Structure formats: structure tokens, C-alpha cells
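The numbers here are math on the coordinates, done by the rules we state, and not lab data. Model, not experiment: these values are computed from the prediction. As a convention, Cβ positions derive from the backbone with ideal geometry for all residues, glycine included, and neighbour counts pool all protein chains shown.
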Amino acid sequence: MNTKATSTTKTVIVTIKERVAVVALNRPESFNALNQELVKDLTAALKEVSQNEAVDIVVLKGNGRGFSSGGDIKMMLNSTNKAGLGDLLSEVSSLIQTLYFMPKLTISAIHGAAAGLGLSMALATDYVIAEANSKIAMNFIGIALVPDGGGHYFLERRLGEVGAKHLIWEGKVMKAPEALEKKVIDAVAEGSLEEAVENKVQAWLNSPIQAMIETKKILAEKNRTVLMNVLESEKIAQSKMRQTQDHQEGIKAFVEKRKPNFIGK
């Protein structure tokens, strides 16, 4: 069986083996924090894989010590440009749409951390599996922001409105077993993550996968308008929250590694 690498950039590496594409985030020095370059490169790579008729399954993973730590905090510190933030959030929306509506079966393989936008992205796939000691968090609240990347949509779909609100407001960091108990993720790897992912991939490859993809497409199309509306609402809300005193305090506290003093302004 030959493995070939395609669409390789500095921030994203795609490998295709038979009917499976593995798409790896490749900013290990920042725990695969999602900056503008990575978001653009990842969207382009996923679009290319979407059009590859030889691929039926896509596995999304992170190189290095974690899946993705979320949005790049350093980028937030250096960007006070409101138009620039709007452009970035539009690119994030494009990434999430590309991943969610992809006519393939998709798996997120989580190790280390999947936090904030990194978790939103993972939840845009069809199946989320994590190592037992991985850390799962929708922790935008820690810097006085709201989830983006469709986080509201994906959590409400899994937890219901009340459960989604409580999880977002608490911003708790969960180990994978707790995240599974709350139905935030779909499975915890009992042994190695690679083996667990391979077992799921093989089970799908031995199934009538085109029928499975058609079901995905029907349900995704039914939900298209709702997701698009949520992404737009998140973009507007995030721009608004970036102007608050609490957000500035949250960022400052994060950098200074202390507890923030929020005032509700």
C-alpha cells in the first residue's frame, strides 16, 4: 500500500492512503493554535480533499503535543483592527462550512488539548475520539469572548440549549471521560489513539459508505441555514466582545498567568 503526501504547506500536511486522507495541523510550536495562515491553509486543503473522488474518509489531527489550543492569543494581542478581525472570522466560517458540509465521513482524533476554536472545529466532524488524558474545553469565557467556529450550534445540537449554555458559561477544562459522559465527544480511546482511529476507519470502510455519506448530506443540508445564521451571529457578537473591558482584562490576565478581575463591562 503506497502512501503519498499532497497539499503540503508549512502549516498543514495531507497524506492519502487508499480511501483515507489524514489532514494534520502542523504548528506544533504553538499547540496548533489557529492563526490566519493555518485557517487559510486548512480550508484550502479540506476543499482539495473534498473534490478527491478517491477519498471516502478524512481524519483531522494535530501534530506535536496537542490537537489545537484554539485561536492564537498572540494574534489577538497584536490585532486591534476591527476589519482584520472580521476578515479572520469570515475565514473561520469558511473553514467550518468546508469541514461540516464535506461529502466525506470525517473523524477528529484528539490528543493533548482541544480548546476554544480548536474544539469547535473538532465538533464540525462526524465523529470525535480522544485520548483519555486529553483536555477538552469550550473556554472562550476565560477571556470574555463567546464561542466562534459554530461552537454554539455544535454544542446545542449535542447537549440541548440549556446544557450548551451551562458548558459555555462555565468554560471548564474536562478530561476526555467527562467530555464523553456529557456527550461533548463520541468516544475515548481505550488504548492508543491511533489504534482506536484505525478501528473506526476500518469499520466504516467495510460499510456501505456512500449510503452513509448521503445521509450526512441530507441532514447537513437540512441544517445549513441554521449553521450559517449561527456563524454570522457569532461573528457579530465576537467583534462586539473584543471591544469590552472584560476582554482586555482577560487577555492581560492570560498573558500574566493570573486570575482575571472581570467587572461586567
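Please check: in the Gaussian network model of the chain (C-alpha springs, under 10 Å), which one of Ile168, Ile110, Ile236 has the largest mean-square fluctuation.
Ile236
Under the Karplus relation 6.51 cos²θ - 1.76 cosθ + 1.60, θ = phi - 60°, what is the ordered set of whole-Hz ³J(HN,Hα) values for the stretch 130-142, x standing for Gly and Pro?
Running phi through 6.51 cos²θ - 1.76 cosθ + 1.60 with θ = phi - 60° gives 9, 5, 4, 9, 6, 10, 10, 8, 9, 10, 4, 4, x Hz.
Near Leu145, within a Cβ-to-Cβ distance under 11 Å, what is the net charge of the other residues, with Lys and Arg +1 and Asp and Glu -1?
-1
If you take the beta carbon distance between Lys175 and Ile73 as r and set R0 to 22 Å, what does 1/(1 + (r/R0)^6) give as a FRET efficiency, to the nearest 0.05?
0.45
How far apart, in nanometres, would the label points at Ser239 and Val162 be if each is projected 7 angstrom from Cα along the Cα-to-Cβ direction?
3.5
Anyone know which of Gly70, Gly118, Gly160 comes out most mobile in the 10 Å Cα GNM of the chain?
So, out of Gly70, Gly118, Gly160, the one fluctuating most is Gly160.
What does the net charge come to around Gly191 if you take all other residues with beta carbon closer than 15 Å to its beta carbon, with K and R at +1 and D and E at -1?
Within the 15 Å Cβ shell, the charges total -4.
Two decimals is fine: what is log10 I(q)/I(0) at q = 0.11, 0.13, 0.14, 0.15 Å⁻¹ for the chain, from a Debye sum with one equal scatterer on every Cα and no solvent?
Those come out to -0.57, -0.81, -0.95, -1.10, one per q.
Can you tell which of Ala45, Ala176, Ala220 shows the greatest fluctuation in a Gaussian network model of the chain with Cα springs below 10 Å?
Among Ala45, Ala176, Ala220, the largest mean-square fluctuation in the Gaussian network model of the chain belongs to Ala220.
About the Cα centre of the chain, how large is the charge dipole given +1 on each Lys and Arg Cβ and -1 on each Asp and Glu Cβ? Please answer in debye to the nearest 20.
For the chain, the charge dipole is close to 560 debye.
Once whole DSSP H runs in the chain are found, which of them have Cα atoms spread over 15 Å or more along the helix axis and a mean Kyte-Doolittle score of at least -0.5?
36-50, 82-100, 151-170, 193-205, 209-222, 224-241
Quick one: net charge of His247's neighbours, Cβ under 12 Å, K/R +1, D/E -1?
+2
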